[in-house]
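Reading through the structure tokens given below for one structure.
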Amino acid sequence: MMTPTSIAELRLSPARQVEVDQWLPRREIAPRLRERLEMVKAVGLGQTVPQIAQWSGRTERTVRHWLRRYVQGGVAALADAPRAGRPVAADAAYRRAAESALGTPPRTVGRPFDVWTSARLSAYLAETTGVRIAPGWLRALLGRWDYVCGRPKHTLKHLQDPKAVAACAEELAAAASKSGRGARAI
């Protein structure tokens, strides 16, 4: 595939236009890559660099930089370079293990509780994957992965016998009517 040599020559071929249109709806792409793809699409639709700079909130120099990168390397050149630092501990395998655990009741994997908490899930994943992530960071990751975290509400209502509860309510009502002062006296 022939690539243009300058921004002035950048007119999206039908194949490139399809490529950009296929990338834009993806949910998993980074917001900065999406913005850069929108810049490329805007040039393909006939917008000028100053117009793109105005609606994107970027300088013309920045817009030209990303368009040049696209001309030289396509969509792959628009992605951010890898960041320096320690490698990610919660990789794709860890995420799959977390999703699997969250979809499974704790008792079915041999745990003595009914609800996952971030501390319990963190300990379980440390055992199964060998990767230890602090419960607070795990909560942050779960939020990024669109899981809702909340505190479990412990109740014993499911252990109560409905007939016994009704009988107690009747007894209380009978005792309240005998005392003459109402239910507040009890």
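Can you tell me which residue among VAL75, VAL88, VAL71, VAL40 is modelled with pLDDT under 95 and closer than 26 Å to ILE133 by Cβ?
VAL88
Cβ contacts < 6 Å: first residue without any contact (Cβ under 8 Å) to a residue 24 or more places away in the chain, restricted to region 20-37; second residue surrounded by 10 or more Cβ atoms within 10 Å (Cβ to Cβ) and not in a loop (DSSP other than H, G, I, E, B), any location; separation 6+ or different chain. Result?
Cβ pairs passing all conditions: LEU24/LEU37.
Are any residues in region 4-37 of a type in the set (D, E, K, R) and either at pLDDT 90 or above or exposed (fewer than 11 other Cβ atoms within 10 Å of the Cβ) (or both), and if so, which ones?
Answer for region 4-37, where residues must be of a type in the set (D, E, K, R) and either at pLDDT 90 or above or exposed (fewer than 11 other Cβ atoms within 10 Å of the Cβ) (or both): GLU9, ARG26, ARG27, GLU28, ARG32, ARG34, GLU35, ARG36.
Against the condition closer than 30 Å to LEU33 by Cα and assigned to a loop (DSSP other than H, G, I, E, B), how does VAL131 come out, does it pass?
In short, yes.
Consider only pairs whose beta carbons are under 7 Å apart and that are at least six residues apart or on different chains; among these, list those whose first residue lies in region 152-165 and is within 18 Å of PRO105 (Cα to Cα) and whose second residue is among the β-branched types (Val, Ile, Thr) and surrounded by 10 or more Cβ atoms within 10 Å (Cβ to Cβ).
PRO152/VAL115; PRO152/THR117
When the residues of region 153-185 are filtered to those that are closer than 30 Å to ASP114 by Cα and polar (S, T, N, Q), which remaining residue is modelled with the highest pLDDT?
Per the stated criteria, the residue is GLN160.
Would you kindly identify the helices (runs of 4 or more DSSP H) lying entirely within region 32-111 that contain at least 1 residues that are in the same structural domain as THR129 (by TED's automatic domain parsing) and over 27 Å from the mean Cα position of the chain (by Cα)?
Answer list for region 32-111: none.
The values are calculated or read from the model by the stated rules, or taken from the named source; none is laboratory data. What you see is a predicted model; the values in this text were computed from it and never measured. In this analysis, Cβ positions are derived from the backbone assuming ideal geometry, glycine residues included, and neighbour counts consider all displayed protein chains.
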